[in-house]
1. What number of residues within region 34-51 are free of Cβ contacts under 8 Å to residues at least 60 places away in the same chain and part of a helix (DSSP H, G or I)?
2. Going through Glu57, Glu47, Glu36, Glu16 one at a time, which residue ends up being touching a His at 6+ places or on another chain (Cβ under 9 Å), on the phi < 0 side of the Ramachandran plot and either at pLDDT 95 or above or of a type in the set (Gly, Ala, Ser) (or both)?
3. Name the residues in region 194-214 that are closer than 25 Å to Met113 by Cβ and either polar (S, T, N, Q) or buried (at least 21 other Cβ atoms within 10 Å of the Cβ) (or both), would you?
4. Give the residues of region 107-142 that are among the hydrophobic types (A, V, I, L, M, F, W, C) and out of contact with any Phe, Trp or Tyr (no Cβ under 8 Å at 6 or more places or on another chain), sorted by residue number.
5. Every residue in region 11-27 that is in a strand (DSSP E or B), aliphatic (A, V, I, L, M) and in contact with a strand residue (DSSP E or B) (Cβ under 6 Å, 6 or more places away or on another chain), please.
6. Testing Gln30 on (1) open to solvent by 10 Å² or more (accessible area, probe 1.4 Å); (2) part of a loop (DSSP other than H, G, I, E, B), one condition comes back false. Which one is that?
7. Could you tell me how many of the residues in region 214-254 are in contact (Cβ under 8 Å) with a residue 12 or more places away in the chain and farther than 23 Å from Met23 by Cβ?
8. When you go through Leu41, Leu79 one by one, which is the residue that is aliphatic (A, V, I, L, M), surrounded by fewer than 21 Cβ atoms within 10 Å (Cβ to Cβ) and in contact with a strand residue (DSSP E or B) (Cβ under 9 Å, 6 or more places away or on another chain)?
Amino acid sequence: MSGTVTVKQVVIGEGEPKICVPMVGVTAAQLKEEAEALKPLDLDVVEWRVDFFEQVEDIEAVKTALVGIRSVLPDLPLLFTFRSAKEGGEKEIGTEYYAALNQAIAETGLVDMIDVELFTGDETVKTLIDGAHKQGVFVIISNHDFHKTPDKEEIISRLRKAQELGGDIPKIAVMPNSPADVLTLLEATHIMKEKYADRPIITMSMSGIGVVSRLSGEVFGSALTFGAAKKASAPGQVAVSELRNVLSLLHRSL
């Protein structure tokens, strides 16, 4: 039986999948506006996709923008994510800076979780996990394939590796090229949840045909799903209000 992760008052891995909404502002002012727009929405976690931020290569500027976000959203769990270009993000930075950025932000006490990409390098990943845990910050270990859906064994293997490295929540997002690919992702999720996971996992099949995977997490075992407020940060994200309705309807019928 997989466990749970409690971030502020949000229990990930129990009941309905939690809804995370990405912020994709380019400037600090845009981010504050975006944060204001999220306040009335029914969501559980906010993700700052800092790879969209124009000053991402200046750690002090990132910290200043983070203070601005927190001033608007003091109580919501906040996930800090730099998504590399090779995994579908907006830009590429060196591993050394990537590590320094995540470490510095974990140390601010202003974020609750950081996202660390699985294939950053095992030693870097372990160092970032250790550093984050010392600050009481949880770590999502993620992997994204924007071209295809690996086979079931490979999906499970990557999720297990993320767990073995010490990530609090393993995550994988894959691109389906057929309905069969969506089934592969769902089956891998179910097997991971039933056989191997001792913590929450996040999985999704992207784009239009993968939408079912964003809605059926409670059935197959994905503990969190990403919804869009205005601009989606990945293909196939559903608007938050619709997402909540479907997740609640499904929960009541289970």
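1. Qualifying residue count for the region: 4.
2. On the way: Glu57 fails: touching a His at 6+ places or on another chain (Cβ under 9 Å); Glu47 fails: touching a His at 6+ places or on another chain (Cβ under 9 Å); Glu36 fails: touching a His at 6+ places or on another chain (Cβ under 9 Å).
Of the residues listed, the single one that is touching a His at 6+ places or on another chain (Cβ under 9 Å), on the phi < 0 side of the Ramachandran plot and either at pLDDT 95 or above or of a type in the set (Gly, Ala, Ser) (or both) is Glu16.
3. Scanning region 194-214 gives Ala197, Pro200, Ile201, Ile202, Thr203, Met204, Ser205, Met206, Gly210, Ser213, Arg214.
4. Kept after step one, since they are among the hydrophobic types (A, V, I, L, M, F, W, C), are these residues of region 107-142: 110-111, 113-114, 116, 118-119, 125, 128-129, 132, 137-141.
Those that are among the hydrophobic types (A, V, I, L, M, F, W, C) and out of contact with any Phe, Trp or Tyr (no Cβ under 8 Å at 6 or more places or on another chain): Leu110, Val116, Leu118, Phe119, Val125, Leu128, Ile129, Val137, Phe138, Val139, Ile140, Ile141.
5. Result: Ile12, Ile19, Val21, Met23.
6. With (1) open to solvent by 10 Å² or more (accessible area, probe 1.4 Å); (2) part of a loop (DSSP other than H, G, I, E, B) applied to Gln30, the lone miss is (2).
7. Residues that pass the stated criteria total 9.
8. Within the list Leu41, Leu79, the selection yields Leu41.
The values are calculated or read from the model by the stated rules, or taken from the named source; none is laboratory data. Since we're looking at a predicted model, the values are computed, not measured. Note: ideal-geometry Cβ built from the backbone for every residue, glycine included; neighbour counts use all protein chains shown. Calculation scope for accessible area: heavy atoms of the full protein, side chains included, ligands and nucleic acids excluded. Shrake-Rupley method; radii C 1.70, N 1.55, O 1.52, S 1.80 Å.
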